[in-house]
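Q: Sharing a structure below in structure tokens format, with a few things to ask.
The values are calculated or read from the model by the stated rules, or taken from the named source; none is laboratory data. None of these values were measured; they are calculated from a predicted model. Neighbour counts are summed over all protein chains in view; Cβ atoms, including those assigned to glycine, are modelled from backbone coordinates with ideal geometry. Just so you know, the surface numbers come from the protein's heavy atoms only, side chains and all, with ligands and any DNA or RNA stripped out. Shrake-Rupley method; radii C 1.70, N 1.55, O 1.52, S 1.80 Å.
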Amino acid sequence: MLVYLIRRIGQSLLVVAVMATLVFLAMYAVGDPVDILASPDADEFERRAIAQRLGLDRPLWEQFGIFVWNALHGDLGRSFVYNVPAVDVILQRLPATLELALAGLVFSILIGIPLGVLAGLKPNSLIGRSVMSGSILGFSLPNFWIGLMLILLFAVELRWLPAGGRGPTTSVLGLHFALFTWDGLKHLLLPALTLALYKSALVIRIAQAGTREVMLQDYIRFARAKGLSSRRIVLVHVLKNILIPVVTVLGLELGSMIAFAVVTETVFAYPGMGKLLIDSINRLDRPIIVAYLMLTVVIFVIINLIVDLLYAAIDPRVRLSEAKG
Amino acid sequence: MKQGIRRLALVAMPFAALAAAPAAAQELRIGLASEPTSMDPHFHNLGPNNALRKHIFEGLVTQDAEQKIRPELASSWRTLDDTTWEFKLRPNVKFSNGMDFTARDAIYTVCRVPTVENSPSSFTVATRGIVGMEAPDPHTLIIKTASPQPLLPNSMATLGILSAQANGAENVRFRAGGCEGLGTPPKSVEFNEPAKAIGTGPYKLANYTRGTHIVLERNETYWGQKPHWQKVTFRPMSSQGARVAGLLAGDVDLIENPPIQDFERIKGAGFEIAEGLSNRIIYIHLDQFNDPNWKTPGVKGTDGKNPFLDKRVRQAVSKAINRQAIVERIMGGHAVPAGELLPYPLFGATKDFPVEKYDPEGAKKLLAEAGYPNGFEVTLGTPNDRYINDEKIAQAVAQMLTRVGIKTNVDAMTASTFFTRRNKFEFSMYLAGWGADTGEMSNSMNALVVTLQPDKGLGGTNRGRYSNKQVDELVLKAMATVNDEAREKLLQEASKLAMSDYGIIPLHFEVTPWAFKKGLSYKPRVDQYTLATEVAPSGS
């Protein structure tokens, strides 16, 4: 087990190192930040001075060396545009994105599971069929279009909800959350719904398939024979058993919701991390882009590492085959 | 008795509600197309930052809606000789923390500018020429420059004045290359705290949350005319769709830059649009680098020759473009065809400067005369997310040029890539825009047509590398002429000369729109700034 652990950690570190190189070199190839940052009026002196201040006048290998050295000391650079550490800028946006992702998660469960179970119980009824074809819409409609339509309907026409942005925040443990005010929730509703629609379609499909499978199992038949109410059968025995795959999939999707809610955040002018990424790309704020991608890589690598280790712990076959190979 | 009070309260309630209504209308919410990157007035020399700065930190002088220089903290100024300026400062002006404004604060400001760390675009451009500053009395400021600098007031208009006292520099003394008694100049991040962002302006910073909002509060002790709005909230909404939706949904009261294609819808929903000419010219630059070792990168079918070195070819390009059609069809009428680089009435522009007539036959004839009866092939580089409809304009220009025989391909790309490639001279022909920040012609001429000489700080954006000695001489002479009238004449002459030589092909001036709810009015500004102080309830 220890050998396996060491080997897995080594591999993970390698992935992080390769990604760091790729991300840094790719950023270097995209364009010269001085061209974007400098006031158009700036003359050649000024442009050189900017390059010097931001360390862009050094050769590529030197810039990369400085980056690696600082990264090993936990410093991913300072934002060109804001002049504060890039990680701070990103973490400042983290609560907004976490909030959005969690709300999206809750919505996709609330929408997905009841509809999925319903469709699974009555697969050939009108309701079952329309839920299943409806879920195809959820898959295929583009995210930004759904967002725009929701804005048009609820914000512009009905004026029930704000069209974008984030509501007033309250400070909890030093972090700023908008979850705890009515106005904040109102701001969260539409973007969370947009984000949730695709995921709920996913949940519907999994829940429906699971329900159909579980309903044929012996223990359900036994429960029926015992005379349990169908309500109890569905709410306790079916639900418990279909939740396992749903949780697995949603757990994975949560990661992507946190890291890549870019489109939704842009449509709703929502100040989350995805919006920050897009803005930084447009402004060629290299340190933020690099730090963002590095954080994402590290998060994904850690999740994968944990999953792999869990597999190994659960299933001895993984361990054995790894040890031999 | 208790009953009586309750009844009184009931009677008073509707009045209370009435009284509350105008108070609620005291807030103005603005949707910004791009967010200022810092609250430090000297950190990033960039449009959105400079516009926000004007609310909190004032300059010695300011630019009005047409970019004419107007008094602000200085009530008057004059030149003592070609390199010495005297500014008379307004007495009885206080900073928002109650400290007095004096000449010392102006000196401190100029001293602090070069100390800003990691500035991505520094204001030293404005302070670089200054070699001496003195304050004979608290309300007189003498500035000496190394060489005659007619644009010193324009430079001063870009600098927000900080308080020397508030930053612990009571005894600051100007020394070229590093001031004395500067203390520890504040860091840029410190200005994000309202308590540190101390200026003399009509507004004070109340809250800044990056990416979410910037809240300003009226400065009740402001020396000048008090602004209408008690509270102003700026919200960054960089995506056009989100901005328009925010306005239509009532989230914000006024937005910057609504997209042209949404004008009908915005007006149809009962909102209003104000638009005004901007100082931004959209132009085409042609590679005219005259060097035996240089092969222009994007031209085919000329046996390696660069056709744009021939004035007749440049003229043919200009004649082949139907500017009126571009303005009407692509810009929906929201642009003005251009004959030179700056619109009248800005300083140095000529009234009724002729716009090149659309003449495809004439263009063909000129091409034949120049030895290209069958034309040639060229690639037109353009950004696709920087100027209003930039890629569409480039497509139209390409079709028009192809019609007269210059087969033109469009190479469109995102702005960050475009500018990097342009600055490496990778285009034989490119479309771009230029906004004259100073609002006068020497800025446009120096940037776009004066011979590129990086070491002298000249011709910085002349990436077509057009070079004409006469034009250079006229512009340089103008830049050293302090007398306004004489300078304007020189600039007009220089512009006429460069345009008749087709050194650059002007297309049109952009028009800047603002959209807002009924009951407001906004006076469009040539510099495209959105200023809350200029938003008024209509009729007042």
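Q: Which of the residues belonging to region B:424-434 are crowded, with 24+ Cβ neighbours inside 10 Å and within 13 Å of another protein chain (Cβ to nearest Cβ)?
A: B:432
Q: Take the residues in region A:45-63 that are open to solvent by 70 Å² or more (accessible area, probe 1.4 Å) and touching a helix residue (DSSP H, G or I) at 6+ places or on another chain (Cβ under 9 Å), then tell me which one is nearest to the other protein chains (Cβ to nearest Cβ).
A: A:45
Q: Considering (1) farther than 24 Å from residue A:292 by Cα; (2) hydrophobic (A, V, I, L, M, F, W, C); (3) not in a loop (DSSP other than H, G, I, E, B), say which one residue A:42 fails and leave the rest.
A: So residue A:42 meets the others, but not (3).
Q: Looking at region B:79-110 only, could you name the residues that are open to solvent by 50 Å² or more (accessible area, probe 1.4 Å) and in a helix (DSSP H, G or I)?
A: The one that is open to solvent by 50 Å² or more (accessible area, probe 1.4 Å) and in a helix (DSSP H, G or I): B:104.
Q: Limited to region B:122-148, what total is found for residues that are touching a Lys or Arg at 6+ places or on another chain (Cβ under 9 Å) and within 12 Å of chain A (Cβ to nearest Cβ)?
A: Qualifying residue count, region B:122-148: 1.
Q: With the requirement that a residue be open to solvent by 50 Å² or more (accessible area, probe 1.4 Å) and either touching a helix residue (DSSP H, G or I) at 6+ places or on another chain (Cβ under 8 Å) or not in a loop (DSSP other than H, G, I, E, B) (or both), what does region B:326-358 give you?
A: Answer for region B:326-358, where residues must be open to solvent by 50 Å² or more (accessible area, probe 1.4 Å) and either touching a helix residue (DSSP H, G or I) at 6+ places or on another chain (Cβ under 8 Å) or not in a loop (DSSP other than H, G, I, E, B) (or both): B:328, B:329, B:336, B:355, B:357, B:358.
Q: Another question, then. Tell me yes or no: at least one residue of region A:116-136 is part of a loop (DSSP other than H, G, I, E, B), of a type in the set (Ser, Thr, Tyr), within 14 Å of chain B (Cβ to nearest Cβ) and without any contact (Cβ under 8 Å) to a residue 12 or more places away in the chain.
A: no
Q: Conditions first: (1) modelled with pLDDT of 85 or more; (2) on the phi > 0 side of the Ramachandran plot. Residue A:70 passes all but one, so which condition is the exception?
A: Single failed check for residue A:70: (2).
Quick grid of which residues meet (1) within 12 Å of chain B (Cβ to nearest Cβ); (2) assigned to a loop (DSSP other than H, G, I, E, B); (3) over 30 Å from residue B:211 (Cα atoms); (4) touching a strand residue (DSSP E or B) at 6+ places or on another chain (Cβ under 8 Å):
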residue	(1), (2), (3), (4)
A:110	no, no, yes, no
A:183	yes, no, no, no
A:199	no, no, no, no
A:202	no, no, yes, no
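Q: With A:144, A:139 as the choices, which residue is in a helix (DSSP H, G or I), open to solvent by 60 Å² or more (accessible area, probe 1.4 Å) and within 18 Å of residue A:190 (Cβ to Cβ)?
A: Answer to the selection: A:144.
Q: Could you please find all residues in region B:56-73 being open to solvent by 50 Å² or more (accessible area, probe 1.4 Å) and either assigned by TED's automatic domain parsing to the domain that holds residue B:346 or of a type outside the set (Asp, Glu) (or both)?
A: Hits for region B:56-73 are B:68, B:70, B:71.
Q: Next up: Scan region A:12-29 and tell me whether some residue there is open to solvent by less than 30 Å² (accessible area, probe 1.4 Å), among the aliphatic types (A, V, I, L, M) and within 14 Å of another protein chain (Cβ to nearest Cβ).
A: Checking region A:12-29: at least one residue is open to solvent by less than 30 Å² (accessible area, probe 1.4 Å), among the aliphatic types (A, V, I, L, M) and within 14 Å of another protein chain (Cβ to nearest Cβ).
Q: Related question: Pick out, from region A:233-305, the helices (runs of 4 or more DSSP H) lying fully within it that include 3 or more residues that are within 11 Å of another protein chain (Cβ to nearest Cβ).
A: Hits in region A:233-305: A:262-267, A:273-283.
Q: Out of (1) within 14 Å of chain B (Cβ to nearest Cβ); (2) aromatic (Phe, Trp, Tyr); (3) without any contact (Cβ under 8 Å) to a residue 60 or more places away in the chain, what's the single condition that is false for residue A:177?
A: With (1) within 14 Å of chain B (Cβ to nearest Cβ); (2) aromatic (Phe, Trp, Tyr); (3) without any contact (Cβ under 8 Å) to a residue 60 or more places away in the chain applied to residue A:177, the lone miss is (3).
Q: Something else: When region B:221-256 is examined, which residues are found to be within 14 Å of chain A (Cβ to nearest Cβ), crowded, with 19+ Cβ neighbours inside 10 Å, touching a residue at least 60 places away in the same chain (Cβ under 8 Å) and part of a loop (DSSP other than H, G, I, E, B)?
A: B:237, B:251, B:252, B:253
Q: Looking at (1) assigned to a loop (DSSP other than H, G, I, E, B); (2) open to solvent by 20 Å² or more (accessible area, probe 1.4 Å); (3) not assigned by TED's automatic domain parsing to the domain that holds residue B:75, find the lone condition where residue B:158 falls short.
A: All conditions pass for residue B:158, except number (3).
Q: Moving on. Return a yes/no flag: does region B:463-477 have any residue that is surrounded by fewer than 19 Cβ atoms within 10 Å (Cβ to Cβ) and part of a strand (DSSP E or B).
A: no
Q: Please count how many residues of region B:202-220 are charged (D, E, K, R) and either part of a helix (DSSP H, G or I) or within 11 Å of another protein chain (Cβ to nearest Cβ) (or both).
A: 1
Q: Another question, if that's okay. Just name the residue that is farthest from residue B:41 (Cα to Cα) out of those in region B:179-191 that are outside any loop (DSSP other than H, G, I, E, B) and either open to solvent by 30 Å² or more (accessible area, probe 1.4 Å) or without any contact (Cβ under 8 Å) to a residue 12 or more places away in the chain (or both).
A: B:180
Q: Could I ask something else about it? Please specify each residue of region B:111-125 satisfying the condition of being open to solvent by less than 10 Å² (accessible area, probe 1.4 Å) and either of a type in the set (Asp, Glu) or assigned to a loop (DSSP other than H, G, I, E, B) (or both).
A: The answer is B:119, B:120, B:122, B:123.
Q: With surrounded by 14 or more Cβ atoms within 10 Å (Cβ to Cβ), in contact with a Ser or Thr (Cβ under 7 Å, 6 or more places away or on another chain) and β-branched (Val, Ile, Thr) as the only criterion, which of A:267, A:297, A:246 stands out?
A: Checking each option against the conditions leaves just A:267.
Q: Further question on the same structure: Just the residues that are of a type in the set (A, V, I, L, M, F, W, C) and within 20 Å of residue A:282 (Cβ to Cβ), please, taken from region B:395-424.
A: Correct list: B:412, B:413, B:415, B:418, B:419.
Q: Let me ask something additional. Of the conditions (1) of a type outside the set (Ser, Thr, Tyr); (2) crowded, with 18+ Cβ neighbours inside 10 Å; (3) over 30 Å from residue B:122 (Cα atoms), residue A:123 satisfies every one except a single condition; which number is it?
A: For residue A:123, the failing item is (2).
Q: Restricting the search to region A:88-108, which residues are within 14 Å of another protein chain (Cβ to nearest Cβ), surrounded by fewer than 23 Cβ atoms within 10 Å (Cβ to Cβ), in contact (Cβ under 8 Å) with a residue 24 or more places away in the chain and hydrophobic (A, V, I, L, M, F, W, C)?
A: Scanning region A:88-108 gives A:90, A:94.
Q: Let me ask something else. Would you call residue B:447 within 11 Å of another protein chain (Cβ to nearest Cβ), free of Cβ contacts under 8 Å to residues at least 24 places away in the same chain, surrounded by 19 or more Cβ atoms within 10 Å (Cβ to Cβ) and hydrophobic (A, V, I, L, M, F, W, C)?
A: Judged against the criteria, residue B:447 is a match.
Q: Next question. Condition first: within 28 Å of residue B:450 (Cβ to Cβ) and of a type outside the set (A, V, I, L, M, F, W, C). Can you find one or more residues in region B:261-278 that meet it?
A: yes
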